[in-house]
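The structure appears below as structure tokens.
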Amino acid sequence: MLLFVTPPVGKGNGKAALDLPAQLLLMVLACGLLLLIDSPAALRGAEYALWAVTLAALALLMLRVRQRPTSSPIPLQFFRRGALFSVIILVLLSSAGLYSSVTLLPLALSQQAGSLMSSGMLIMLAALGWVVGAAFCGNKLASVGYRRMALFGMLMLAGGAFLMALTVGQHQLPMIAGALLLIGLGMGFTATTTLVFAQNSAPADRLASWTATVQFLRNLGAALGVNTLATVQLRQAGSDAFQSCFILLGLSMLVGLCFTLLMPRAYPVS
């Protein structure tokens, strides 16, 4: 019923056709990367074949995009403009930061009594932080600007990850709660800033595809982040494994700070 009473909103009708072969090649490429990172025991001895399939998918995808640039799964403008390329990096890193944190935390607390209840409450704080951060960022983005909002978001993500590294081994739940709240707030700031910038930069007939690109990158960042840090944790398998994972996560967020400098300073006023 809501669909019938909601007024249509948009910047125009999309004209780009969906290129199914390119989408399929992108899926093969993403799955290959995830399997190479995870390196499951079932694929031992088949690494070279997996590398060959992944590289072949990448080469064929690049060839396909050269033939049909307008049907690229990820719009080529994201690679040609520094500000839009920073959107790719920031979305990947921020998603990896949030989803890796809420995935690793229950494992880190699994040996503590009542960890199921405490983990659920702590993860809820991260989700609430995302909502609050997105609402605040959306309200202040026009006056503060893209660059500073993205910078604040990545700083909070980095601070939350480093705080988690300091406290997760000691099971200090109040400090862990603060760390997850910071991570959620940082995700809210970064996700809102990158999405609004991508939508405002989109051509009139590509708004939907550019929005879908940001969502795809968010899901890809979550998958890559969880796979990478879970692999690090399993292979290290020591008492400091979770601390090492969160330190690595914090350092990754600091790398993202460099890419916030590519974002425009001011929000465009129409």
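The values are calculated or read from the model by the stated rules, or taken from the named source; none is laboratory data. Just so you know, these numbers come straight off a predicted model, no measurement behind them. Backbone-built Cβ (ideal geometry, glycine too); neighbour counts: all protein chains shown.
Test of understanding: among 173, 207, 229, which residue is within 15 Å of residue 93 (Cα to Cα), in the same structural domain as residue 128 (by TED's automatic domain parsing) and among the hydrophobic types (A, V, I, L, M, F, W, C)?
229
Please state which one of 114, 169, 145, 120 is modelled with pLDDT under 90 and on the phi > 0 side of the Ramachandran plot.
114
Restricting the search to segment 84-101, which residues are surrounded by fewer than 21 Cβ atoms within 10 Å (Cβ to Cβ) and either under 21 Å from residue 166 (Cβ atoms) or over 12 Å from the mean Cα position of the chain (by Cα) (or both)?
85
Go through (1) out of contact with any Asp or Glu (no Cβ under 8 Å at 6 or more places or on another chain); (2) surrounded by fewer than 18 Cβ atoms within 10 Å (Cβ to Cβ); (3) not aromatic (Phe, Trp, Tyr) and name the single condition residue 169 misses.
Just one mismatch for residue 169, condition (1).
Within segment 194-209, is there a residue that is among the aromatic types (Phe, Trp, Tyr), more than 19 Å from residue 242 (Cβ to Cβ), part of a helix (DSSP H, G or I) and at pLDDT 90 or above?
Yes; the residues of segment 194-209 include at least one that is among the aromatic types (Phe, Trp, Tyr), more than 19 Å from residue 242 (Cβ to Cβ), part of a helix (DSSP H, G or I) and at pLDDT 90 or above.
All but one of (1) assigned to a helix (DSSP H, G or I); (2) surrounded by fewer than 16 Cβ atoms within 10 Å (Cβ to Cβ); (3) not hydrophobic (A, V, I, L, M, F, W, C) hold for residue 159; state the number of the condition that does not hold.
Every condition holds for residue 159 apart from (2).
Residues 218, 235: which one is basic (Lys, Arg) and modelled with pLDDT of 90 or more?
218
So which helices (runs of 4 or more DSSP H) stay within segment 74-151 end to end and still have 2 or more residues that are in contact with a Pro (Cβ under 8 Å, 6 or more places away or on another chain) and of a type in the set (Gly, Ala, Ser)?
115-144
I'd like the full set of residues that are surrounded by 12 or more Cβ atoms within 10 Å (Cβ to Cβ), modelled with pLDDT under 85 and under 17 Å from residue 224 (Cα atoms), limited to segment 35-71.
Passing the criteria: 35, 36, 37, 38, 39.
Mind checking which residues of segment 119-147 are of a type in the set (Lys, Arg), touching a residue at least 24 places away in the same chain (Cβ under 8 Å) and closer than 15 Å to residue 188 by Cβ?
None - no residue of segment 119-147 is of a type in the set (Lys, Arg), touching a residue at least 24 places away in the same chain (Cβ under 8 Å) and closer than 15 Å to residue 188 by Cβ, so the list stays empty.
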